[in-house]
């Protein structure tokens, strides 16, 4: 009986996490407005969520590379890109000027306490998720290597 119970619990865990929508976490955007993260996906359009920090050079390279193709991706798929700053609270003031200075059109979320980072099991940055139009995570990767955006694009389609 214990084996069956364990198998049932395991299968429920796998099903729930394999099809999981975004977690029930509330963050603030760069303008201070509260955003319910779970409400961002599953609306018929894919979502890219990238965790970064202002001090992370590979993060900057990834976000700059995606910016070069982001408009094209939006036209092809309707994708929305959210970048989640994990900068600590005392450094959160640096995020908006950085994003504005780079001219990025991404939607910015601030996670100074790491609540979304923990909920999504993000250990290292940059850490990127592609979430399909139904809210299911279909691709994730950590780190950045030149050309990674071609792999991201495959999963968007």
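The values are calculated or read from the model by the stated rules, or taken from the named source; none is laboratory data. Fair warning: this is a prediction, and the values are worked out from it, not measured in the lab. Every residue, glycine among them, receives a Cβ derived from its backbone with ideal geometry; neighbour counts consider all protein chains shown.
Scanning segment 76-135 for residues that are closer than 17 Å to residue 38 by Cα, in a loop (DSSP other than H, G, I, E, B) and either within 11 Å of the chain's Cα centre (by Cα) or in contact (Cβ under 8 Å) with a residue 40 or more places away in the chain (or both) yields a total of 8.
Taken over segment 44-72, the criterion of being out of contact with any strand residue (DSSP E or B) (no Cβ under 8 Å at 6 or more places or on another chain), touching a residue at least 40 places away in the same chain (Cβ under 8 Å) and surrounded by 15 or more Cβ atoms within 10 Å (Cβ to Cβ) is satisfied by 56, 58, 61, 65. The residue list 76, 34 contains one member that is modelled with pLDDT of 95 or more and farther than 24 Å from residue 124 by Cβ, which is 34. The set of residues in segment 136-146 that are touching a residue at least 40 places away in the same chain (Cβ under 8 Å) and either buried (at least 16 other Cβ atoms within 10 Å of the Cβ) or farther than 18 Å from residue 23 by Cβ (or both) comprises 137, 143, 144, 146.
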